[in-house]
Amino acid sequence: MTKKILVILGQPQRHGYGGALMQAYVDGARETGAEVKELYLGELQFNPLAVPSLTNPGELEPDLKSAQEAIKWADHLVFVYPIWWGTIPALLKGFIERTFLPGFAVNFHEHSIWWDKLLTGKSARLIVTLNTPWWYYRWILGQPGHNTMKKTILGFCGVKPVRITEIGPIKGSTEEKRKGWIEEVRRLGLRLA
């Protein structure tokens with residue numbers, strides 16, 4: 001069975017280092033024969049501001065409806081994004097708030113604290129760039145962006161396992177180091193991981 005992978009660039013700029021990492025993963029995955037779809041959040045037409053309420057989210061823009069269809073289609077989700085101010089970019093957060101809605105990603109039980117996880121059966125890979133050294137991000141800051149994506153968003157919706165690949169620190173890195181990270185991400189694509 002061919003694996004179906006959706007790769008999402010969660011930053012506004014398509015043609016930067018994050019875009020190159022995304023392309024490396026896509027190239028590796030396609031080399032294996034996997035079906036791959038790409039989603040560039042910076043090119044979607046939608047209002048990233050929070051919905052009025054979870055029970056009445058309003059009408060979704062066509063790009064968000066297409067994104068939901070792509071997420072449903074995929075077996076494996078790959079998010080490529082930078083850590084900005086310790087967490088995920090606002091564009092990615094707005095996209096999640098607008099698309100991961102009740103009836104799509106979760107169902108809340110009336111008069112209960114429990115919920116149904118509607119994205120169960122999918123796995124994910126987070127490819128995250130950092131300017132902060134990994135040890136500082138992990139041990140001093142407590143990985144707020146990783147926890148947000150892995151636990152409070154994807155895990156909450158039933159996506160597991162969620163694996164994280166940290167790339168960085170980008171600031172001050174050499175061209176040789178950056179090429180090495182591109183190759184590392186291409187190998188992730190080859191492993192469909």
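Derivation of every value follows stated rules applied to the coordinates shown; laboratory data play no part. Please read all numbers here as calculations on a predicted model, not as lab measurements. Every residue, glycine as well, gets a Cβ built from its backbone with ideal geometry; the counts of neighbours run over all protein chains shown.
Among the residues of segment 1-28, those identified as among the hydrophobic types (A, V, I, L, M, F, W, C) and closer than 14 Å to Ile182 by Cβ are Ala20, Leu21, Met22, Ala24, Val26.
Only one of the numbered conditions (1) of a type outside the set (Val, Ile, Thr); (2) under 27 Å from Glu31 (Cα atoms); (3) surrounded by fewer than 17 Cβ atoms within 10 Å (Cβ to Cβ) is violated by Gly103, and that is (2). Taken over segment 1-15, the residue count meeting the criterion of being surrounded by 15 or more Cβ atoms within 10 Å (Cβ to Cβ) and more than 15 Å from Asp75 (Cβ to Cβ) is 5.
Taking segment 108-155 as the range and being surrounded by 13 or more Cβ atoms within 10 Å (Cβ to Cβ), assigned to a helix (DSSP H, G or I) and free of Cβ contacts under 8 Å to residues at least 24 places away in the same chain as the test, the residues that pass are Arg138, His146, Asn147, Gly155. In this entry, Ile167 passes the filter for residues that are buried (at least 19 other Cβ atoms within 10 Å of the Cβ), in contact (Cβ under 8 Å) with a residue 60 or more places away in the chain and in contact with a helix residue (DSSP H, G or I) (Cβ under 6 Å, 6 or more places away or on another chain).
Among the listed residues Pro57, Pro82, identify the single one that is within 26 Å of Lys151 (Cβ to Cβ), surrounded by 15 or more Cβ atoms within 10 Å (Cβ to Cβ) and within 13 Å of the chain's Cα centre (by Cα). Can you show your working first?
On the way: Pro57 fails: within 13 Å of the chain's Cα centre (by Cα).
After ruling out the rest, the residue left standing is Pro82.
Of the set (1) within 26 Å of Asp63 (Cα to Cα); (2) in contact (Cβ under 8 Å) with a residue 40 or more places away in the chain; (3) surrounded by 14 or more Cβ atoms within 10 Å (Cβ to Cβ), all apply to Leu190 but (1).
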